[in-house]
Amino acid sequence: MQALWMVLGAFFFATMSVAVKYASASFNTAELVLYRGVISLALLAVALRVHGTSLRTPVPLMHVWRSLVGGFSLGAWFYAIAHLPLATSMTLNYMSGIWVAAFITGGALLYGKQARNGPLLLTVLLGFAGVVLTLRPTIDQNQLFAGLIGLIGGMSAALAYLQVTALSLAGEPVERTVFYFAAGTAVAGVLGIAFTGFTPLEKVSLQAASWLVPIGVLATLGQWCMTRAYSRGHTLVVASLQYSGIVFASLYSLLLFGDQIPLYGWLGIALIVASGVAATFLRERAIPDTPAEEH
């Protein structure tokens, strides 16, 4: 049953990406990050009050660093969603699991433990082979810059993922970590708007503005479902099922947006999914019981 919470969370995140895709036609990336943060912040403030969780934290600098890295990752993902096929942008974001495996493998090679981590290294190499195939269509369609931004966003998500793990080990409750991340994204959005400009809501159609609320609501629901899945389910099974988000995004990409992705692009997506699942199982030996990734 707990595994189904992960599938539901992945569905919420994929559906959120649809809202981001539609809203990006009227709002820039910084604005979307701001609205996502503000709406999530309001919902999480209510949740904290209901659960009686204090905002007082013994590790404020860890939250600041997590918010900086996570906010950059979120902005990069939203930019990729706006400029790439939905399936491609979602896949590049879920590269974070493979990036974590790459960090582990790099550390092992540095300390001369490559033999033990050979299978993990192989999954990383297959994952990056999938990246080459996935990014090739972006070159053909002059979208390489957006593809690289999406790839960097996935790497940033991996760093944020490791920081969430550190916060968990420090004893920080999930609600507080998620709340400060939402606050950080709101601040990041404000700073971004200082450079990109702000679109007054009165100049935007009601239909376009209506996509803003689902972004924050679906992101919050997705985090809640994933947190529930990780806290009560088997870590390996739950972590593997997060890749169902790519399946949902691919369906949306085809059915709602009519995205044309060539066969080698789909092969690249499949390689990344397979490598990500394999890396999840293999890296469990190095980082057991890691918490859910956040968006």
Nearest-20 debye value, region 124-283 charge dipole, Cβ charges on Lys, Arg, Asp, Glu: 240 debye
Helices from the chain with mean Kyte-Doolittle at least -1.0 and a Cα length along the axis of 20 Å or more, per DSSP H: which? 2-23, 29-51, 60-83, 96-110, 118-140, 144-169, 174-196, 212-232, 263-283
Calculated FRET value between residue 145 and residue 256, using beta carbons and R₀ = 25 Å, to 0.05: 0.55
Among (1) 20.4; (2) 18.3; (3) 15.5, which is the computed mean projected area of the Cα convex hull in nm²? (3)
By how many nm would the segment from residue 266 to residue 191 lengthen if fully extended, with 0.36 nm per residue of separation less the alpha-carbon distance? 23.4 nm
What value, in deg cm²/dmol to 500, does the helix sum -39500 (n - 2.57) over DSSP H runs of n ≥ 4 give at 222 nm once divided by the residues of the chain? -26000 deg cm²/dmol
Placing +1 on the Cβ of each Lys and Arg and -1 on the Cβ of each Asp and Glu in the chain, which of 187, 254, 158 has its Cα farthest towards the positive end of the resulting dipole? 158
Rounded to a whole %, the carbon-and-sulfur portion of the accessible area of the chain at a 1.4 Å probe is 71 percent
Rounded to the nearest 20 Debye, what is the dipole magnitude of the chain about its Cα centre when Lys and Arg each give +1 and Asp and Glu each give -1 at the C-beta? 420 debye
Taking 0.36 nm per residue of sequence separation and subtracting the Cα-Cα distance, how much length would be gained by fully extending the chain between residue 47 and residue 25, in nm to one decimal? 4.8 nm
Expressed as a rounded percentage, what relative contact order does region 1-91 have, with Cα pairs under 8 Å and six or more residues apart? 46 percent
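The values are calculated or read from the model by the stated rules, or taken from the named source; none is laboratory data. Treat the numbers as computed from the prediction; the structure is a model and nothing was measured. Reconstructed Cβ throughout: ideal geometry from the backbone, glycine too, with neighbour counts over all protein chains shown. Accessible surface is based on the protein model in full, side chains and every heavy atom, while ligands, DNA and RNA are left aside. Shrake-Rupley method; radii C 1.70, N 1.55, O 1.52, S 1.80 Å.
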